Amino acid sequence: MSHPEPGLVVVRTLAEHPLVDAAGAALRMVAPGSETAGRFGLVEYHLQPGAPGALPHYHQTFSESFYVLSGELTLYADGAWRPCSAGDFALVHERGVHGFRNDGDEPAAFLILFTPGIAREQFFAETAELRRSGRTPTPEEMTAFYARHDQVMVDV
């Protein structure tokens with residue numbers, strides 16, 4: 001019996017994808033699109049109690065799924081903010097308006113799955129750097145930032 005070619009299994013140890021602090025949030029790029037040949041991207045996200053996450057927005061070219069691991073995540077879906085607890089799952093199709101935050105008294109941990117696996121890690125890295133720096137970008141800079149990362153902000 002012959003075996004398929006080697007290199008078709010990728011194992012990344014915890015040390016290879018550390019949890020990165022982002023002022024009230026922390027994230028781990030578990031499986032960036034660059035590792036999955038663009039098939040998907042997987043992020044582990046942690047929000048401290050009362051921490052803002054993402055204001056309502058949508059993406060035109062990829063879907064986003066949320067799976068709550070612990071705590072309570074408040075998710076914007078179908079025009080309202082709603083609590084999601086450990087084990088709850090949400091699928092946001094392309095152009096689906098969504099957002100998230102932690103309104104609870106406990107930390108919240110959840111997974112975000114992107115399909116296809118666009119380079120979303122760049123968005124999170126740039127966002128984390130902005131939070132750490134404390135710098136407030138101009139409205140023009142934010143418009144360009146969101147356009148670069150296929151994120152359309154929505155007023156609700």
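Figure legend. Inter-residue proximity from the stretch 21-42: first residues at negative phi, second residues among the charged types (D, E, K, R) and in a loop (DSSP other than H, G, I, E, B), beta-carbon distance below 8 Å, spacing 6+ or different chains. Indicated pairs: Val30/Arg12; Ala31/Arg12; Gly33/Arg39; Glu35/Arg12.
Only residues that are in a strand (DSSP E or B) and not hydroxyl-bearing (Ser, Thr, Tyr): list them for the stretch 66-86, please. Residues satisfying the conditions are Phe66, Val68, Leu69, Glu72, Leu73, Leu75, Ala77, Ala80, Trp81, Arg82, Pro83, Cys84. Consider the stretch 122-144 and keep the residues that are of a type in the set (A, V, I, L, M, F, W, C) and within 24 Å of Thr36 (Cβ to Cβ). The one that is surrounded by the most Cβ atoms within 10 Å (Cβ to Cβ) is Phe124.
Checked against (1) aliphatic (A, V, I, L, M); (2) more than 16 Å from Ala23 (Cα to Cα); (3) surrounded by 16 or more Cβ atoms within 10 Å (Cβ to Cβ), Ala119 meets all criteria but (3). Contact annotation: residue pairs with Cβ atoms under 6 Å, 6 or more positions apart or on different chains, pairing a residue in the stretch 55-74 that is surrounded by fewer than 18 Cβ atoms within 10 Å (Cβ to Cβ) with a partner that is small (Gly, Ala, Ser) and modelled with pLDDT of 95 or more, are Leu55/Gly99; Pro56/Gly99; Leu69/Ala109; Ser70/Ala86; Ser70/Ala109. Can you tell me which residue within the stretch 71-113, out of those that are of a type in the set (Gly, Ala, Ser) and within 16 Å of the chain's Cα centre (by Cα), is nearest to Val30 (Cα to Cα)? So, considering only residues that are of a type in the set (Gly, Ala, Ser) and within 16 Å of the chain's Cα centre (by Cα), the one nearest to Val30 (Cα to Cα) is Ala109. For beta carbons closer than 6 Å, sequence separation of 6+ or different chains, a first residue in the stretch 116-142 that is touching a residue at least 40 places away in the same chain (Cβ under 8 Å) and under 20 Å from Pro52 (Cβ atoms) and a second that is surrounded by 12 or more Cβ atoms within 10 Å (Cβ to Cβ) and of a type in the set (Phe, Trp, Tyr), the qualifying pairs are Arg120/Phe114.
Just a yes or no: is a residue in the stretch 77-84 surrounded by 15 or more Cβ atoms within 10 Å (Cβ to Cβ), under 22 Å from Ala128 (Cα atoms) and touching a residue at least 12 places away in the same chain (Cβ under 8 Å)? Taking every residue of the stretch 77-84 in turn, none turns out to be surrounded by 15 or more Cβ atoms within 10 Å (Cβ to Cβ), under 22 Å from Ala128 (Cα atoms) and touching a residue at least 12 places away in the same chain (Cβ under 8 Å). Only one entry of Ala37, Ala15, Ala26, Ala22 meets the criterion of being over 15 Å from Phe114 (Cβ atoms), surrounded by fewer than 18 Cβ atoms within 10 Å (Cβ to Cβ) and among the small types (Gly, Ala, Ser), and that entry is Ala15.
The values are calculated or read from the model by the stated rules, or taken from the named source; none is laboratory data. Computed from a prediction, not measured in an experiment: that's the story for all the values here. Reconstructed Cβ throughout: ideal geometry from the backbone, glycine too, with neighbour counts over all protein chains shown.
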